[in-house]
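All of the numbers you see were taken from the coordinates with simple rules; none came from a lab. Just so you know, these numbers come straight off a predicted model, no measurement behind them. For neighbour counting, all protein chains shown are included, and Cβ atoms are generated from backbone atoms with ideal geometry for every residue, glycine included.
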Amino acid sequence: MYITKLIVYGLLISLSGLIMVDSFVRNAIAETRIQWRESIIQTVNRSLLLAVILAIFAQVVQWAQSFGGVEQIAPLLIEGSTGRTWLALLLLSAIGLFVQKLQAARLIIIVLLLLAESMNGHASSDSLIILFDFIHLATISIWVGGVIYFLVNWKDGTEQVRTFLERFTKLLWLTIAIASVSGIALTALILPSISYLLYTSWGQLLLVKIIAILIAIWLGYTANTYIRKHQADRKSRLLKIEYMTLLVVIALAALMSTISPLPSAENALNRHQMGDELHYTVKLSPNAPGPNTFSLSLWTLKEEGKVANVQLSLYADDKPKTSARAYILQSIPIEDNIEFPGFIEQQFSLKELKLPYPTLWHATVDIVFASGQERQFSFSFEN
């Protein structure tokens, strides 16, 4: 599924860039290349339509395997956010083939294609994330489109390249600035903790993507500056490397769209302990570096009365002194009433338990009853 997603993503970014740069930059290409431009845009559009069809087929096969049949396929395509996105991309790609000669119409199709793509994955339920994702996709597309036009213009001589650079450079730096701001905003909205950058696959890929973007910026700046001042064909090599670097950025972005930015729920802690005088269930989710939700269910002897106060104390095995921390748990309504003869159930929670890094943690729970009596239990876990 990742390969088809990567192909669709790459073709969508390339098509969007070609059309937007042609729309925003006057005479982005030499007159002798206009026929080539129209031909390549049509080819990329057709390729995108074919890639979307293949992606939908791959998605349907994946759903059929996951749900053990085809009964749920139609509802998933029509009602699910992923299915609607694929159908929108299919419809818009097909319409795009018939409006290539209408510049305004094909620009509108590109905007709608990028908007549809931005509504997929992590952004599907948050309008602010959709907005920033759309802006991010559009600006990256302009950057990629500019590099493509540059490489094409290079074949027509240095003078044509300089003419293009004079018209495109300001737009390029503006799009890079907007892409940077929108990327930071997206990260802040998607990740509940900055620590996820280091301890999740999505965060690590994002760091690699940022490094690749910085390399591409440096390559583009170096080549553009030199070309403006000198007649130097060898500097076109830097632009080709920049384009390859941007392809890496696109591949990373496609991969990131297929995985969750949050830690896997499979690592969540769910521990139940039975005793003669106390039963308890401890839950910690997602049990990862960063913010976590902690909940505690207690079953205490009826004769001991109600629990008045619960404190959770933690320390890391490798840094017992500097990592020590304590929290007072809040009493909450009982969600799942499980009765044990002779016991009273109460539930407590901590909405944000921050674990700074992965290690072995030791926890102690101190229970104080209304009567003043105290109980204590301990447990350990790795996050």
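Quick notes on this structure:
- Each Cα pair under 8 Å and six or more residues apart adds its sequence gap; the mean of these over the residue count of the chain is a relative contact order of 13 percent.
- Value of [θ]222 nm, deg cm²/dmol, for the chain, DSSP H segments ≥ 4, -39500 (n - 2.57) each, nearest 500: -19000 deg cm²/dmol
- Rg(Cα) / (2.2 N^0.38 Å) computed for segment 246-307, rounded to two decimals: 1.91
- Using 0.36 nm per residue and subtracting the Cα-Cα separation, the extra length available between Leu50 and Leu97 on full extension is 15.7 nm.
- Loop-located trypsin sites (Lys or Arg not before Pro) in segment 288-328, at most 12 other Cβ atoms within 10 Å (DSSP): Lys306, Lys321
- Peptides ranked, highest mean first, by Cβ atoms within 10 Å: ranges 355-361, 284-290: 284-290, 355-361
- Net length gained if the chain between Ala177 and Ser313 were fully extended (0.36 nm per residue, minus Cα distance): 44.5 nm
- With 0.36 nm allotted per residue and the present C-alpha distance subtracted, the Leu189-Thr258 stretch has 23.1 nm of extension available.
- Pairwise Lys count, segment 225-328 - Cα closer than 26 Å, eight or more residues apart or different chains: 5
- Among 364-375, 213-224, 108-119, 335-346, the order from most to least packed when residues are scored by Cβ within 10 Å on average: 108-119, 213-224, 364-375, 335-346
- Peptides 246-257, 78-89, 185-196 ordered by average Cβ neighbours within 10 Å, highest first: 246-257, 185-196, 78-89
- Annotation for Thr364 and Glu159: the two label points, set 7 Å from Cα along the Cα-Cβ direction, are 8.3 nm apart.
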